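The values are calculated or read from the model by the stated rules, or taken from the named source; none is laboratory data. All values reported here derive from a predicted model rather than from experimental measurement. Because the Cβ atoms are built from the backbone with ideal geometry, glycine has one as well, and the counts that use them run over all protein chains shown. Accessible surface areas use protein heavy atoms only, side chains included; no ligands, DNA or RNA. Shrake-Rupley method; radii C 1.70, N 1.55, O 1.52, S 1.80 Å.
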Amino acid sequence: MKKQLSIKFKITLFYTLSTIFIVATMLLFMVHISGRVVDADVKDKLVLLVEEDVDNIDFDIIDEDDIGEVHEDGDIVFRFDDGQIGSLSVDDAYISAKNGVKMFIFSPSGEILIGQDPDYDFTDIDLVPGKITHVIFNDTSYYAYTRALSLTDKNITVNFTLVGVTQDTGTAFHGTTGSIVKAAFIILPLAILLAGILGYVITRGLFKPFGAIVRTAQTISRGDDLSKRVDIGPGTDELHMLADTYNTMLERLQTSFESEKAFTSDSSHELRTPTAIISAQCEYALSEPRSNEDYVECLEVIDRQSKRMTLVISQLLSFTRLEQGTQKLNFESIDLGSFVDEICCDMEAAGSKDITLTCEKAEGIFVKADITLLSRLIINLISNAYKYGRTGGFIKVNIQRETTDGNAASRYALIQVTDNGIGIAESEINKIFRRFYKGDKSRVQDADGETSTGLGLAFVQKIAEVHGGSVSVISKLGEGSTFTVRLPIE
């Protein structure tokens, strides 16, 4: 199987190639722009120097007797076709060579009078006055600027030519442009190397949290310790958000895992007791002949325990379907006050312990709910109130809108079931909604001997959550309890 490149390597490679592209593009742009700027500047300086030298050239008509003196002064002496003798001189300000510009003065016949240089052969070169001409000397490119120069002395006018020559900056390694190119060949490799190193360092730092996540996942996969968490330090960027999300997921998995372990343990324990009782009664009945009364008593115990097992299994299946979302729900609009009032009337008729059940309701409160589930929620709460109520006591059911700062502006309805029964210890209030939790022995079995399965209040909480609501309780041991269900109003 072909080995895949790591993401860190891919990002580093991309970062390096991007840097190469950017630097190379900038280099080409700089060479192009600098070449144009430098080239224009060289041409401007060439023209300027030639024009300045025009004022530094002098011409005189001399006598034959003055030739020796003129030569001694370094001036150029030449004869015209008509026999006249001329002298060409330059003053101290004349620029023969400066800033890469070399000056040449040509006679009317095209002979170089000042500036002779064997490296510059003007033969067959067409020089146009007032123009910059591109010329080649010894395979090297040059610019030549030609200036027509008419000098007059004693009514005699002579047409000279002044030519300034400088090297063409378009050559890649000439002048400033060449310096830029040479510097680039040094800087570019260093920039690539630096980009690669920085890219790797930055990428490694960016992927460090991913390494922590992988190590945490591997640690968890090697065992069953879901308490491990990803620790990448404080921060609010995307990677920290990913780590926080991963930790939240682990917390939910841990909670679910621990809940399932407890659920399995509790349900096994809950079913083991009636199973053991049934087995013991069967062994007792079969161990030796018994009287009819003994057999009847054994069968009654077996029947009672089998019904209990059936009840536990039925509630477990219903609770699991509800918890996993596999139970089909049918939500419809319900007049909450009338609905609860009807349930209270039915339960009051089947009540016991001479407990008084009353219902107070506000009108016009409608909720979207599944009738079966909502019935079960209310019946469970009222049944609990009956089960743990006092003889001659009361149960009050109150349906009202939730108030906010004294105003009934909330979009929630409250179902409150209050009793003056045995109450719940403060240490148990946070536990009573757990599956199979039964609290102290006084709450395990009611006065009629009916044993609780510990699933009733767990159902109430789950049903409230399915409807987008919640359930809470206020209770004091020996004085009674108030359960409050909060449901959104339609």
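Within the range 1-23, the set of residues being hydrophobic (A, V, I, L, M, F, W, C), modelled with pLDDT of 75 or more and exposed (fewer than 14 other Cβ atoms within 10 Å of the Cβ) comprises Phe14, Phe21, Ile22. What are the residues in the range 336-360 that are open to solvent by 40 Å² or more (accessible area, probe 1.4 Å), assigned to a helix (DSSP H, G or I) and within 21 Å of Tyr412 (Cβ to Cβ), if any? Once the filter is applied, which keeps residues that are open to solvent by 40 Å² or more (accessible area, probe 1.4 Å), assigned to a helix (DSSP H, G or I) and within 21 Å of Tyr412 (Cβ to Cβ), the range 336-360 yields Ser338, Asp341. Residues in the range 457-483 that are in contact (Cβ under 8 Å) with a residue 60 or more places away in the chain and over 21 Å from Val367 (Cβ atoms): Ala458, Gly480, Ser481. Checking the stated criteria, Ile132 turns out not to satisfy the condition of being open to solvent by less than 30 Å² (accessible area, probe 1.4 Å) and modelled with pLDDT of 85 or more.
Looking at the structure I just gave you, is Gly196 at pLDDT 75 or above, over 30 Å from Asp55 (Cα atoms) and open to solvent by less than 70 Å² (accessible area, probe 1.4 Å)? The answer is yes for Gly196.
Looking across the range 222-244 at every residue that is open to solvent by less than 90 Å² (accessible area, probe 1.4 Å) and part of a helix (DSSP H, G or I), the one that is modelled with the lowest pLDDT is identified as Leu239. Considering each residue of the range 79-94 in turn, at least one proves to be out of contact with any Leu (no Cβ under 8 Å at 6 or more places or on another chain) and among the aromatic types (Phe, Trp, Tyr). With the structure loaded, tell me whether Phe106 is surrounded by 11 or more Cβ atoms within 10 Å (Cβ to Cβ), under 22 Å from Val158 (Cα atoms), modelled with pLDDT of 85 or more and touching a Leu at 6+ places or on another chain (Cβ under 8 Å) or whether it fails that test. When the stated conditions are applied, Phe106 passes them. Close contacts from the range 184-203, counting a first residue that is over 13 Å from Ile20 (Cβ atoms) and a second that is open to solvent by less than 30 Å² (accessible area, probe 1.4 Å) and part of a helix (DSSP H, G or I), with Cβ to Cβ under 6 Å and a gap of 6+ residues or different chains, come to Tyr200/Thr12; Thr203/Thr12. Among residues that are on the phi > 0 side of the Ramachandran plot and at pLDDT 85 or above, Gly115 is included.
Within the range 309-317, does at least one residue satisfy the condition of being out of contact with any Lys or Arg (no Cβ under 7 Å at 6 or more places or on another chain), farther than 18 Å from Arg434 by Cα and at pLDDT below 75? No; the residues of the range 309-317 include none that is out of contact with any Lys or Arg (no Cβ under 7 Å at 6 or more places or on another chain), farther than 18 Å from Arg434 by Cα and at pLDDT below 75.
The single condition among (1) modelled with pLDDT of 80 or more; (2) surrounded by fewer than 17 Cβ atoms within 10 Å (Cβ to Cβ); (3) farther than 27 Å from Thr264 by Cβ that Ser427 does not satisfy is (3). Residues that are part of a strand (DSSP E or B) and surrounded by fewer than 13 Cβ atoms within 10 Å (Cβ to Cβ) were ranked within the range 361-408; the one that is modelled with the highest pLDDT is Thr404. Could you tell me whether any residue of the range 261-281 is open to solvent by 40 Å² or more (accessible area, probe 1.4 Å) and outside any helix (DSSP H, G or I)? Within the range 261-281, none of the residues are open to solvent by 40 Å² or more (accessible area, probe 1.4 Å) and outside any helix (DSSP H, G or I).
For (1) touching a helix residue (DSSP H, G or I) at 6+ places or on another chain (Cβ under 7 Å); (2) modelled with pLDDT of 80 or more; (3) of a type in the set (Ser, Thr, Tyr), each residue gets a yes or a no:
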site: Lys102; (1), (2), (3): no, yes, no
site: Asp126; (1), (2), (3): no, yes, no
site: Thr140; (1), (2), (3): no, yes, yes
site: Arg147; (1), (2), (3): yes, yes, no
site: Leu151; (1), (2), (3): no, yes, no
site: Leu162; (1), (2), (3): yes, yes, no
site: Ile192; (1), (2), (3): yes, no, no
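Within the range 456-486, the residues that satisfy the criterion of being closer than 21 Å to Gly423 by Cβ and part of a loop (DSSP other than H, G, I, E, B) are Leu477, Gly478, Glu479. Residues that are among the small types (Gly, Ala, Ser), over 30 Å from Gly468 (Cα atoms) and surrounded by 11 or more Cβ atoms within 10 Å (Cβ to Cβ) within the range 289-323 comprise just one, Ser306. The residues of the range 32-59 that are hydrophobic (A, V, I, L, M, F, W, C), under 24 Å from Tyr142 (Cβ atoms) and either in contact with a Ser or Thr (Cβ under 6 Å, 6 or more places away or on another chain) or not in a helix (DSSP H, G or I) (or both), listed by number, are Val38, Val42, Leu46, Ile57. Across the range 112-129, the qualifying residues are those that are touching a strand residue (DSSP E or B) at 6+ places or on another chain (Cβ under 7 Å) and open to solvent by 50 Å² or more (accessible area, probe 1.4 Å), and the one among them that is nearest to Leu88 (Cα to Cα) is Pro129.
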